[in-house]
Structures are given as C-alpha cells and as structure tokens.
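Please treat every number below as a calculation from the coordinates, not as lab data. These numbers come from a predicted model, not from an experiment. Here the Cβ positions follow ideal geometry from the backbone for every residue, glycine too, while neighbour counts run over all protein chains shown.
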Amino acid sequence: MKAENSWQDAAGQRWAELSERTDAQLGPLGRQAMALIAPLRGERVLDVGCGAGQSTVELAELVGETGKVVGLDISEPLLNAAKNRVAARGLRSVELVLANAATAGFAEPFDVAFSRFGVMFFEDSVAAFANIGRALRSGGRLGFVCWQPRERNPWAHEPLEAVRALRPDLPLPPLLAPDKPGPFYFSSPAFVRDVLERAGFGDVQIVPYEASLPLGGAKVLDEAVDYLLQIGPAARFLNEAGLNAEPRARELIARAVAPFVTDGGVLAPSRVLLVAARRP
Ligand SMILES: C[S@@+](CC[C@H](N)C(=O)[O-])C[C@H]1O[C@@H](n2cnc3c(N)ncnc32)[C@H](O)[C@@H]1O
C-alpha cells in the first residue's frame, strides 16, 4: 500500500504546491485522452486520482451545468488544492471526494471514468479497474493517459540517470521499477490491455501519443532544475538515497536537461499512451 499512501505525505504536499507547473506539462496530454472519450453535455464523470483538479475543472466545462464531475483522490493535500481551484471558479457541478479508487463504492452510475496519470499506482490493478467498472453504467466509457516507458521519456530518464551516478550502488526506488505500481507501470500496451480485459472492460483502444512540452512548465533551465529536484524520478531517487542536499545533484540535473532548453521554454518529448475502453 506504500505507493498509494505516499501521496498523503510530503510527496502529495509537493505535488499540491507545484501543481500549476505540473499542469503546464500534463494538461495537453490529459486533453488528448479526454478527446478520445469525448464527455458530452449533461454526462456524469468520475475523475480518478484527480490530484489538484485541473482535469476535474476541464471535465466540468465539457459536461456543463447539467452534468456532474466527481473528483476522487487518496491525497488530502492534493484534494484540498482541487477544492480551492473549484471554489475559485464557483463550479457547482463538481464534488471532490477523499477516497481510494480501488475500493470506494458509488451510489449513482457514471457515464465516464477518466484519469490523468492517476491509475498506475494500484497494488492490484485488475481489482481496482473492476471497482472503477462497477462505478460505470452499462456501456459507460473509460479513458485515461499514462506514461510510455521511462527510457522513452527523457524528461524523466535523463535527470534520473544523471543523479544515479552519485550512488550507482543503490537499487532503483521500487516506485520506478517498470514491473511495480508507479508512474511507469502501465507503459506496456499489452499489459494495459490485459489488465483492462481481466477487469471486465471491452473495446480497448490504446493510442501512443507524443508532444514536446515544457518540463514542469519551465521557461528557463534553473526553473526546470528546481522542479526536478522536487518532483519526478530524479527527486524520488535523491530522496530515498538521502541526497536531497547534495550540491552536485543540481549540477548533474542541469547538465542532463540543458539540451532541452529552447527560446520557447525547456521543451522535452513527453511520450504517453492514450487509453479508452467500454464497460459492456
Ligand atoms: C501522478 S498524480 C496525477 C494527479 C492529477 N491527475 C494530475 O494529472 O495532475 C497521481 C494521483 O493519483 C492519486 N492516487 C494514487 N492512488 C490512488 C488511489 N488508489 N485512489 C485515488 N487516487 C489515487 C494520487 O494521490 C495523485 O493525486
């Protein structure tokens, strides 16, 4: 349960504090996944692992005032950030719920379940997706976006490999292992399809997508380095190795991301899978 619960603590807090910067990179990827399942006006949508709520607000705009969006997250700091965002916009069609998507029960069925990078952390993915399936009406749509392998995402891979040089003797943090729940757990289309079909979904569609996006919203190198020292695989490694205060980490990360600096910001390829499926 560690992967799920870690969002409650400092990691969730950092994500909440940096959410606007993260949104600049993840927002366009989430919108591609939304387009695949196209929520309609008046529909009821469940936003799984809604985090600080950018996707929740975007979904609320798509379904309009006659629709409803329930944002669900296991992290209190992130859900509080989402509550502030929703309150600032006066959105009455949004409800935010602190709960575990793997086990939560839902009174009314949803037309759509959506997630922007929030479904790769379940200990038992098949059971969790079966639970999400039960939240959908018959014929309801599931759509989400998840990362392709870390090696295909240089914004994550290059800084991590750079700081691993500080302690090559240490193993990768379990959260970063491709075969364990974590950001890259759903990077294989065959695995994703198998999980979804075993969880009872049909019509599974998996579309690779890539875009060059501002790394943590950064316009200049220093901003990107500050961000990567707090969020993402390199930060996770430094944290677990007790190397957060190591001055060489900054230098190594700066060198690793310098090739992505452009006049239009620090732009790195982000490679994801856009996934859609249907409850029979
Ligand atoms: C990578 S973040 C993405 C957050 C947000 N969707 C975004 O795109 O900014 C993963 C999110 O999933 C949430 N999460 C992880 N496991 C969960 C679970 N079992 N139930 C509900 N939310 C979960 C985390 O708390 C976190 O907010």
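In whole percents, the pair-distance distribution calculated for region 215-280 from its alpha-carbon pairs, binned every 5 Å from zero, is 3, 17, 24, 19, 13, 9, 6, 4, 4, 2, 0. When DSSP beta bridges are restricted to pairs lying wholly in the chain, around 50% turn out antiparallel. Mean projected area of the convex hull spanned by the Cα atoms of region 1-145, taken over all viewing directions: 7.7 nm². Think of it as helices only: each DSSP H run of n ≥ 4 in the chain is worth -39500 (n - 2.57), and spread over all residues that comes to -12000 deg cm²/dmol at 222 nm.
Magnitude of the charge dipole for the chain, about its Cα centre and with charges confined to Cβ atoms of Lys, Arg (+1) and Asp, Glu (-1), is about 440 debye. For Leu213, nonlocal amide neighbours, meaning residues 5 or more places apart or on other chains whose placed amide H falls under 5 Å from its own, are Ala268, Ser270. On the basis of the beta-carbon distance and an R0 of 45 Å, Thr262 and Leu170 show a calculated FRET efficiency of 0.85.
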